[in-house]
2 protein chains.
Amino acid sequence: MPDMPDQKPGQAPPQDPRLPLTGLRVVELGHYIAAPFATRLLADLGAEVIKVEPPGGDPHRDWGARVNGHAVWFSIHGRNKLSVTLDLKTEEGRGRLRALLARADALVENLRPGAIERMGLSPEALHAGNPRLVIARVSGYGQDGPYRDKPAFGAIGEAMGGLRHLTANPGQTGLPPPRCGVSISDDLAGMYAALSLVSACWGRDRNPDGKGTVIDLDLVSSVFSLMEGMLPEFAMLGRVRQPMGAALPSAAPTNTYPCADGKWLAVAGNSDLIFRRLMARIGREDLADDPRMASNSGRCANAAELDEAIAAWTRTLPAREAQDALEAVEVPCSRLYDMQDCVEDPHFQARDMVLPVEDPLIGTVPHPAAPFRFQGVPPAAMVRWPGPAVGAHNDYVFGSLLKQEDTP
Amino acid sequence: MPDMPDQKPGQAPPQDPRLPLTGLRVVELGHYIAAPFATRLLADLGAEVIKVEPPGGDPHRDWGARVNGHAVWFSIHGRNKLSVTLDLKTEEGRGRLRALLARADALVENLRPGAIERMGLSPEALHAGNPRLVIARVSGYGQDGPYRDKPAFGAIGEAMGGLRHLTANPGQTGLPPPRCGVSISDDLAGMYAALSLVSACWGRDRNPDGKGTVIDLDLVSSVFSLMEGMLPEFAMLGRVRQPMGAALPSAAPTNTYPCADGKWLAVAGNSDLIFRRLMARIGREDLADDPRMASNSGRCANAAELDEAIAAWTRTLPAREAQDALEAVEVPCSRLYDMQDCVEDPHFQARDMVLPVEDPLIGTVPHPAAPFRFQGVPPAAMVRWPGPAVGAHNDYVFGSLLKQEDTP
């Protein structure tokens, strides 16, 4: 790890020429998840990200478990970023933000629609100061439309985009469909914001006179974009996709089965050859030879009987042993990993997916590596420093960066 | 809609200079979901995507509901792409692919690790022919590591990356944790492939001597990257995040409640002021005034009692009426939309999220619009044509494009 840039007031932070976005300057005017996740991805890819926070800091800094009074999630969520504080209620604060944006490639913001306009920082005003600025805006429902001004509570994208309806066991179980378990709609919108922002920069920079643009992303559409063929299935055929629990309607046996230790094992035993190996391993050669089960369509018609036979076997073993036994006969399967399973698995270790990062606020914090690997770039190079203290880079950004470049 | 490019053999397909990736040429050597989803996003953004298929076509073309014998999903999944067929078992086929890649900016592939090497198309060989080529490789477990050669069945990333463990009701319900309901791990890996590919092109194209690279993405890491602060929570504090169903452990009342029509309503009633409005609306002023419920911590301690009070009210109304009643008093809520709810909602209409597309194979197919909106670009401009017939662009690509540019 290089030295923390917040330990050297006024000096430029380390940049790594091996990373693809080194040289791209992005200002984040974000809070909570969506915009900060977009800029975290850009920063992992090498961009210089300047996170503009109110003097009290992004409220996300208080989320989740803490060590030494600092939330461990922010060590990850804020990594590779420069933190500066500005009071945007004052003209001085807004003036400094305008000066930063005049020297930036892009802005990512997820304030409520209309908020930057009310501060005198409309896209038109920002483009007057910097015609090349790419402005990516993330909101719950978009910058127009009937719900623009509704508050976007966390689960809205998941519910309205169609995902939550599907993430459920079928029939009347009496239990509510579970949440996805992570901030999936914010994450998706953040990923789309990062992709469309870099795309706009690529298009702009092909041309010395290239202009910036404004990108409008909403959580609901980001989720809706993953609905596969379900829109024409409904509109052309009248079929409304229903939740399928852990099964698939068109392949059997494939389901998730209970094990002796209370854990679950997902098994994909639905090809003809794999099915025979699976039945032999669980001691049900009779089902392997049963003519009703010779084809996938027959197995689908008798899926409940097959699922019960498999579950009767999985219930006798802890999930890890059941997985080992099925993998030994080449039946694709996986138990449902919790975080301990991930950390202990040789895959995550061999792929350097857990990186120890020295965090001056917290100590050694294990970070998940960036998901993208570039030839010749070790994963550790993509985590240059952890989420910094609030305003840690005020001296560098306002004292050096803005002055170095007097004519933006 | 412009004319379908497959109706004009040998002519270049229409390009739209308003789209950010117009001028970027990407070859897809993909099948099923992950790589084709990456290239669908790039194509929506304006890239020229050449999908290389075996003579029988990508098996994804057979997935899901059909009209006129053609799967409606592929109309979406293959949109804006050029389809060419090549038999890569022959030297002629491989030679044509090499010639295409010599003229391309990027390749996206999701064959099994080692497959392109066995065809003599290793990254080294491809870079010998085109040093600027950006090669994005997507696989279940990555291009190295202990599981590289294991078959990647669909649900693997969701299970091993930690998501499936979380998407569940807590405790021993007897029901398996449901699938996410869409191909989430493929989608995430595809989105990361698109983002890292465009980033690599931006970095390369800043410099006339810029070189290509190889990007390695796996489904498991793509899911794992969304696990928020859970890795340090476990490694530093010994806490293993457990599924929470539809509730949140740190805020109450916020849950998902059953309605009279069998549908569900997600309600976020957990701020002090919203809680009072919610209780008043459901006729439980006694709970609004109950000193045990005055703070969020007190409400969390008594969440079961609050949830039962809210459910007793929601069970008396269809979900849409319950939603309208709560929104009238500004309580954030949303029923869990199915595809019919989406299509009928004014938001999706006002935001042009459902686009009618003329598909010569199927008729008028409603497509979900691209999730990103660019200033001055109507959403319909991002769907230039629907998924084409297998090999529809062989004449243009092999007859014109390869010949137009004899010196790549």
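The values are calculated or read from the model by the stated rules, or taken from the named source; none is laboratory data. Bear in mind that the values here come from a model prediction, so they are computed numbers and not experimental data. Here the Cβ is made from the backbone with ideal geometry for all residues, glycine too, and neighbour counts use every protein chain on show. Areas reflect the complete protein model, heavy atoms only, side chains present, ligands, DNA and RNA absent. Shrake-Rupley method; radii C 1.70, N 1.55, O 1.52, S 1.80 Å.
Once both labels are positioned 7 Å from their Cα atoms along Cα-to-Cβ, the gap between B:Gln340 and B:Thr173 label points is 2.4 nm. Between A:Thr213 and residues 5 or more places away or on another chain, which pairs have amide H atoms under 5 Å apart, with H built 1.01 Å from N, and which residues are they? The answer is A:Val134, A:Ile135.
Backbone phi angles across the range B:87-98, fed through the Karplus curve with coefficients 6.51, -1.76 and 1.60 (θ = phi - 60°), yield HN-Hα couplings of 9, 7, 7, 9, 5, 4, x, 5, x, 5, 5, 4 Hz in residue order; Gly and Pro are listed as x. Among the residues of A:84-91, the average count of other protein chain beta-carbon atoms within 10 Å of the residue beta-carbon is 0. Charged side chains reduced to their Cβ positions (Lys and Arg at +1, Asp and Glu at -1) give the protein assembly as shown a dipole of some 780 debye around its Cα centre. For the range A:294-307, putting each phi into the Karplus relation 6.51 cos²θ - 1.76 cosθ + 1.60 with θ = phi - 60° gives couplings of 5, 10, 4, 5, x, 5, 4, 5, 10, 4, 4, 5, 5, 4 Hz, in residue order, rounded to whole numbers and with x for Gly and Pro.
Probe radius 1.4 Å, ligands and nucleic acids left out: can you give me the accessible area buried at the A-B interface, summed over both chains, in Å² to the nearest hundred? Kindly include the intermediate steps, with their values, before the conclusion.
Values: alone 20130 and 20160 Å², together 28690 Å².
The summed interface area works out to 11600 Å².
On the basis of the beta-carbon distance and an R0 of 22 Å, A:Ala350 and A:Asp16 show a calculated FRET efficiency of 0.40. Between A:Ala312, A:Ala370, A:Ala247, the residue with the greatest mean-square fluctuation in the GNM of chain A (Cα pairs under 10 Å linked by springs) is A:Ala312. Once the 1.4 Å probe is applied to the protein heavy atoms, the range B:195-350 comes out at 38 Å² accessible per residue. Any idea what angle helix A:319-328 forms with the longest principal axis of chain A, computed on alpha-carbon atoms, 0 to 90 degrees, nearest 10? That helix lies at roughly 70 degrees to the long axis.
Charges at C-beta only: +1 for Lys and Arg, -1 for Asp and Glu. How large is the resulting dipole of the range A:302-408 about its Cα centre, in Debye rounded to 20? Mind showing how you got there, number by number?
Working: 7 positive and 17 negative charges, 81 e Å.
About 380 debye.
Taking chain A as a Gaussian network of alpha-carbon nodes connected by springs under 10 Å, the highest mean-square fluctuation of the residues A:Val134, A:Val67, A:Val49 belongs to A:Val67.
Between A:Thr316 and A:Ala260, the modelled label-to-label distance comes to 0.9 nm, taking each label 7 Å out from Cα in the direction of the beta carbon. Along the axis of the charge dipole computed for the protein assembly as shown (Cβ charges of +1 for Lys and Arg, -1 for Asp and Glu, origin at the Cα centre), the listed residues A:Ala168, B:Pro318, A:Ser83 are led at the positive end by A:Ser83. With label points defined 7 Å past Cα in the direction of Cβ, position A:Asp272 shows copy-to-copy spacings of 6.9 nm, given to one decimal and shortest first. Each Lys and Arg adds +1 at its Cβ and each Asp and Glu adds -1 at its Cβ; summed about the Cα centre, the range A:113-226 shows a dipole of about 60 debye.
Return one number: the angle in degrees, 0 to 90 and rounded to the nearest 10, between the long axis of the Cα atoms of helix A:34-44 and the longest principal axis of the Cα atoms of chain A. Computed tilt is about 80 degrees.
Mean-square fluctuations from a GNM of chain A, with a 10 angstrom spring cutoff on Cα atoms, peak among A:Ser196, A:Ser83, A:Ser334 at A:Ser334. Per-residue extension of 0.36 nm, minus the Cα-Cα distance of A:Arg94 and A:Asp149, leaves a gain of 17.5 nm for this segment.
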